[in-house]
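Novice: What follows is a single structure, and I will ask about it in a moment.
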Amino acid sequence: MAAIVAQVPDRKGEEGGVITIKEFDHGLDQAAAQHGRRVAPGPLGTGYTKLKNQAIGELIEATWIRGQAAEMGIGLRPRQVSRELAVLKKQAFKNRAQYRHFLKEAHYTRRDILDRVEIQLFSELIQERILIGIRGEAAAQKAFNKFVVEFAKRWRARTVCAPGYVTALHCSNGPEPQGL
């Protein structure tokens, strides 16, 4: 295991808060592709630490968002996610071949894309829930900022990373983050 986030409900029979080495390696390949690299460097390679932190950070944050949504009673149906993906694909790609090319270049699977769309939808629904009954842009921003700080503290305290995967912003067993 690369990381464990405690108290995240299981999802579709999976252990909800466990991030596996295989998932991390896949995320590392995706992070490398985002930075224009065909392959991810090894642990001693140039830029590895930055890519490692991005990959594990994205996986942990997705787990946190799923956990937060579950705690707030926010759910999504697979059909909602599929419909949103269809809209996004139509906006971003001229044809199916262009979409498949993107998947290949970015090291994404269809499941990866569905997961990212799901996380985006959960994020939007959480934000909507936070802002219910709040009027005015300044008040909304204050409420949102407060939530973000509390969210990071609460979920960081539930997250333990294996040696070699620790990030200061995400793991309770890491160095104290600066600026929080």
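The values are calculated or read from the model by the stated rules, or taken from the named source; none is laboratory data. Everything numeric here is computed off the predicted structure, so don't read it as measured data. Here the Cβ is made from the backbone with ideal geometry for all residues, glycine too, and neighbour counts use every protein chain on show.
Novice: Please verify whether the stretch 102-110 includes one or more residues that are out of contact with any Phe, Trp or Tyr (no Cβ under 9 Å at 6 or more places or on another chain), assigned to a loop (DSSP other than H, G, I, E, B) and surrounded by 14 or more Cβ atoms within 10 Å (Cβ to Cβ).
Specialist: yes
Novice: Here is a further query. Which one of the conditions (1) touching a Ser or Thr at 6+ places or on another chain (Cβ under 6 Å); (2) exposed (fewer than 14 other Cβ atoms within 10 Å of the Cβ); (3) of a type outside the set (Lys, Arg) does residue 164 fail to meet, given that it meets all the rest?
Specialist: All conditions pass for residue 164, except number (1).
Novice: When residue 89 is evaluated against the numbered criteria (1) under 30 Å from residue 172 (Cβ atoms); (2) surrounded by 13 or more Cβ atoms within 10 Å (Cβ to Cβ); (3) not small (Gly, Ala, Ser), which criterion, by number, is the only one it fails?
Specialist: Status for residue 89: all satisfied but (1).
Novice: Based on this model, can you work out whether residue 1 counts as out of contact with any Cys (no Cβ under 7 Å at 6 or more places or on another chain), under 19 Å from residue 118 (Cα atoms), surrounded by fewer than 21 Cβ atoms within 10 Å (Cβ to Cβ) and of a type outside the set (Lys, Arg)?
Specialist: no
Novice: A follow-up question, please. In the stretch 120-156, what residues are of a type in the set (Val, Ile, Thr), surrounded by 12 or more Cβ atoms within 10 Å (Cβ to Cβ) and under 17 Å from residue 73 (Cβ atoms)?
Specialist: 126, 130
Novice: Restricting attention to the stretch 70-101, which residues are in a loop (DSSP other than H, G, I, E, B), within 29 Å of residue 17 (Cα to Cα) and of a type in the set (A, V, I, L, M, F, W, C)?
Specialist: Scanning the stretch 70-101 gives 72, 74, 76.
Novice: If we keep just the residues of the stretch 15-40 that are farther than 14 Å from residue 106 by Cβ and touching a Leu at 6+ places or on another chain (Cβ under 7 Å), which is surrounded by the most Cβ atoms within 10 Å (Cβ to Cβ)?
Specialist: Of everything passing the filter in the stretch 15-40, 19 is surrounded by the most Cβ atoms within 10 Å (Cβ to Cβ).
Novice: For the stretch 71-79, indicate whether the set of residues that are out of contact with any strand residue (DSSP E or B) (no Cβ under 8 Å at 6 or more places or on another chain) and surrounded by 19 or more Cβ atoms within 10 Å (Cβ to Cβ) is non-empty.
Specialist: no
Novice: Mind listing whichever residues of the stretch 13-45 are more than 20 Å from residue 166 (Cβ to Cβ) and part of a loop (DSSP other than H, G, I, E, B)?
Specialist: 13, 15, 16, 35, 36, 37, 38, 39
Novice: A follow-up question, please. Name the residue, out of 143, 92, 97, 138, that is over 26 Å from residue 3 (Cα atoms), at pLDDT 95 or above and touching a Leu at 6+ places or on another chain (Cβ under 7 Å).
Specialist: Answer to the selection: 143.
Novice: Give the number of residues within the stretch 3-46 that are in contact with a Pro (Cβ under 9 Å, 6 or more places away or on another chain) and at pLDDT below 95.
Specialist: So the count comes out to 2.
Novice: Here's a follow-up. How many residues does the stretch 130-160 contain that are in contact (Cβ under 8 Å) with a residue 60 or more places away in the chain and over 24 Å from residue 67 (Cβ atoms)?
Specialist: 0
Novice: Residue 57 - would you say it is within 30 Å of residue 155 (Cα to Cα), in contact (Cβ under 8 Å) with a residue 60 or more places away in the chain and touching a Leu at 6+ places or on another chain (Cβ under 8 Å)?
Specialist: Yes; evaluated as a whole, the condition is true for this residue.
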